[in-house]
Amino acid sequence: MIKRIFVCFFAMSLLACSKPLFKEKWLKEKAPANFTASFQTSRGVFEADFTREWSPLAVDRVYAQIKHGYFDHILFYRVSPNYVVQFGGDDSTRMKLWKKQILPDEPVIKKNERGVISFARSGKNSRDNDLFINLNNNSPRLDTINFSGVKGFPGIGLVSSNMQIVDSLYKGYGDRVFQKYNLLFNNKSAFLAEFPKLDSLITVKIIRKSNR
């Protein structure tokens, strides 16, 4: 009897201590003017600097997502040589909760040059969880391309240290992953079985902040 009570208590304690997947109050958190995040990947660590004035609403969003662990244990599911590395989407409940939160569009201020990080989008107010890192200078094309009346992809950050780690991410699958893109969201295990060499993010942490 005592053992059963202890097991129940332990299970309840784990449940109570588990981190919430999403809270609406996180959407009200404002990012500092500048902050630096450390990205620990399966290939090593790189750092990126984020600047709020480039795209205030989007930088606020990614600041909250990093702060609350959204990008931990996320795949680099698309690595297109000499173009972009993309990450942020998966089959999790966490992703679906964030995806429901509409992020209004903003104009392009920071261009999509090599090392610049931007939110992916496919139409009006469609930025949610997916980010990409430019492996090449994709300006002006990605600054001006039009999706359903929305112009370009606003840059929000810049890889500031160890860009060679980003360059080294496994790129052998190219854009073939898009042929099975829906599988990532419907059956992540099957997706990984088909693309086992994909690299991943282990954890992302904010390491410096500045309001200047």
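Just so it is clear, none of the values below were taken in a lab; they were calculated from the coordinates. What you see is a predicted model, and the numbers here were worked out from it, not measured in a lab. We place every Cβ from the backbone using ideal geometry, glycine too, and count neighbours over all the protein chains shown.
Tabulated data for the structure shown
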quantity	calculated
Local electrostatic count, Ser139, Cβ distance below 15 Å [Lys/Arg +1, Asp/Glu -1]	+3
Rounded to whole Hz, the Karplus (6.51, -1.76, 1.60) HN-Hα couplings of segment 174-190, x for glycine and proline	x, 8, 4, 4, 5, 5, 10, 4, 5, 5, 4, 8, 9, 7, 4, 4, 5
Protection proxy ranking, peptides 133-141, 23-31, average beta carbon neighbours within 10 Å, highest first	133-141, 23-31
Global form of segment 109-184, assessed from the alpha-carbon gyration tensor, a/c cut-off 1.5	oblate
Sum of side-chain charges, Trp98 neighbourhood, beta-carbon under 10 Å (Lys, Arg +1; Asp, Glu -1)	+4
Residues with amide H under 5 Å from that of Gly155, placed H, sequence gap 5 or more	Ile109, Lys110
Ordering of 157-163, 59-65 by packing [mean C-beta count within 10 Å, highest first]	59-65, 157-163
Rg/Rh (Cα only; Kirkwood hydrodynamic radius) as it applies to the chain	1.01
